[in-house]
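FYI, it's all coordinate maths here, none of it is from the lab. Note that the structure is predicted; figures quoted are calculated from it, not measured. Backbone-built Cβ (ideal geometry, glycine too); neighbour counts: all protein chains shown.
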């Protein structure tokens, strides 16, 4: 976590401060990833156009990021646009999302500076329109020296495509260095992932109640705790991020090991008679 001097707890709302006060500081997550889902349903339930839902979703991105920065969360990664979104949604909607992304960056980079937030991106961003890429580079370069929360937007992202790109990179490295396949390790694969520069998520949050990963960070969330809320993304705020962290702290992370209440380990398992019924 960041030094205490960089925390801005006094900027939290009264409700947020109450939840934050209940958290164990030594168990705060280092990296939270979020599947932002429900923009269309939020709009539909109000008889509004889907575009309005996306606009409200962009507001949630700003508010949640600001809360994350105030509590000193090092890494926040948001699923903003999947490859499937680009391929399967109407062109008009995708075009609007591109304009919304540009507008979000233009309108919020100063807020990112004020909150000491650094912007990054993962995905096949080279496939985005040139003018969008230019605005993304501008935002990234402008915030590059900030030392607070790193906000990463997953754009033109897919977990499977990330693995394909990683394996391609690793294959090229193996060919160049004449490495044998049997020497490949998990770390070798990790080095070629889009997320090689960041830790794996401790907590994955999904809004809208859907119980699936949707091709998001498939390698990275192998041992992440998962928190699903029925709340739609446009209604998600900093208080809900803190509530998810509180729930996360109730979990026992075992990473494949044994936890409390799992029974005693037999010191001499070879003495146990195996009975098959």
Among 32, 184, 83, residue whose mean-square fluctuation peaks in a GNM of the chain (springs only between Cα atoms under 10 Å): 184
Most to least packed among 158-165, 33-40 [average Cβ atoms within 10 Å]: 33-40, 158-165
Relative contact order (%) - segment 1-133, alpha-carbon pairs under 8 angstrom, separation at least six: 28 percent
Distance between segment 142-213 and segment 44-71 - C-alpha centres, whole angstrom: 26 Å
Inter-label distance, nm, simple model (7 Å from Cα along the C-beta direction), residue 63/residue 131: 3.0 nm
Efficiency of FRET between residue 235 and residue 147 - r from beta-carbon atoms, R0 30 angstrom, step 0.05: 0.45
Segment 1-59: Rg to Rh, with Rh as the Kirkwood radius over Cα pairs: 1.15
Sorted peptide list for 120-129, 209-218, criterion being average Cβ within 10 angstrom, highest first: 120-129, 209-218
Cα long-axis angle, helix 238-248 against the chain (0 to 90 degrees, to the nearest 10): 0 degrees
Sum of -39500 (n - 2.57) over DSSP H runs of 4+, divided by residues of the chain (222 nm, nearest 500): -13000 deg cm²/dmol
Tilt relative to the chain, helix 130-142 - C-alpha long axis, 0 to 90 degrees, to 10: 70 degrees
Angle in degrees between helix 91-114 and the longest Cα principal axis of the chain, rounded to the nearest 10: 90 degrees
Normalised contact order of the chain, rounded percent, pairs of Cα under 8 Å and 6 or more residues apart: 26 percent
Full-extension gain in nm, residue 210 to residue 168, via 0.36 nm per residue minus C-alpha separation: 11.9 nm
Order of 51, 227, 167 - criterion: other Cβ atoms within 10 Å of each residue's Cβ, fewest first: 167, 51, 227
Sites residue 138 and residue 160, calculated FRET efficiency, Cβ-Cβ separation with R0 22 Å, nearest 0.05: 0.15
Reciprocal of mean inverse Cα separation for segment 44-107 (Kirkwood radius, Å): 13.3 Å
Residue order, fewest to most surrounding Cβ atoms within 10 angstrom, among 112, 98: 98, 112
Nitroxide proxy distance, nm - points 7 Å out along Cα→Cβ at residue 88 and residue 13: 3.4 nm
More than 34 angstrom apart: percent of Cα pairs within the chain: 26 percent
FRET efficiency, residue 222 to residue 179 (Cβ-Cβ, R0 30 Å, nearest 0.05): 0.80
